[in-house]
Every structure is written in structure tokens, then in C-alpha cells.
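The values are calculated or read from the model by the stated rules, or taken from the named source; none is laboratory data. Keep in mind that what you see is a predicted model, and the values were worked out from it rather than measured. Here the Cβ positions follow ideal geometry from the backbone for every residue, glycine too, while neighbour counts run over all protein chains shown. Ligands, DNA and RNA are stripped out before the accessible areas are found, and what is left, the full protein with its side chains, is counted by its heavy atoms. Shrake-Rupley method; radii C 1.70, N 1.55, O 1.52, S 1.80 Å.
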Amino acid sequence: NSSIGKDFAGNKDKRFTWFTKDLSLTDAQSTSLKALFDQSEPNKQEMFDKAKKVKDDVLAELKTGTPNSDKIKAILIAAKSNMDSKMSERFDKFVQAHNLLTLEQRQKVADRFEKMHNGFGKKGHHRHNKFPV
């Protein structure tokens, strides 16, 4: 089974195609949405890189044989703060994208997200990329 996360990993064009399929976008909508996707890509990669560093840092501490719980908590608290900030930025981009759409297009996107959400927890479905913008 392929997952949305694997399908989208490092491929903003696939995310753009998934987000815009069956929306009958105008040229202006398509251009504006593409610009939002392009702007969000570096932020998205930065989020993944930082998440990997957090995992590596926690694992390194655990491998010491005498892990310092305060140090692990500090790593996780810093990571959560950074993640909250980045997710807020990504959500803002999603709202900007959503605002470019007509009511009918918004409903199609909402239906697509609902369908994706209902797939969470099923084998092969990745929990990331809730907001592919």
C-alpha cells in the first residue's frame, strides 16, 4: 500500500496535483495556489529535518546508558515549540489557499480532507501531511 506521506515526500508537484484535482481552477487561481505551494516547500523540508534531529538527539541521550530525563524533556519542549510555530505558518498558508477557492471548490477540498482523515490508522496510511500546502 502506498501512503499519502510517501507519495508526497519531497514532491510539491504531487501535493499540488492532489490538492487541486477536479477543482476546475482558473488560470489566476492555479498561479496563486502554485506560488503558495512553492513558498511552503522549504518550510516543510525544514520541519522534517528538525524532526529527524530531535529523534537523533533523544536516541543519543537514551544510548548513553544513563539518560538524563531533564535533557530529554528540554529537547522535546524545544521541538514542540518549534513545531507549533511551523504548523501555524503552514496552516496560515492553507487558509490562504482555501480563500482563493470558490465555495464549491472549498467543499471538494473539505470532502477530500475528510476522506483522507477517515483513512488515518489504516494500514499503509501515513498520519503526516494533514495540510499538504
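General remarks:
- Per-pair calculated FRET efficiency, R0 = 22 Å: LYS108 and THR31 via Cβ, rounded to 0.05: 0.70
- Each residue, LYS63 and SER24, gets one label point 7 Å from its Cα in the Cβ direction; the gap between the two is 5.6 nm.
- On the stretch 64-116, 58 percent of the accessible area sits on carbon and sulfur atoms, based on a 1.4 Å probe.
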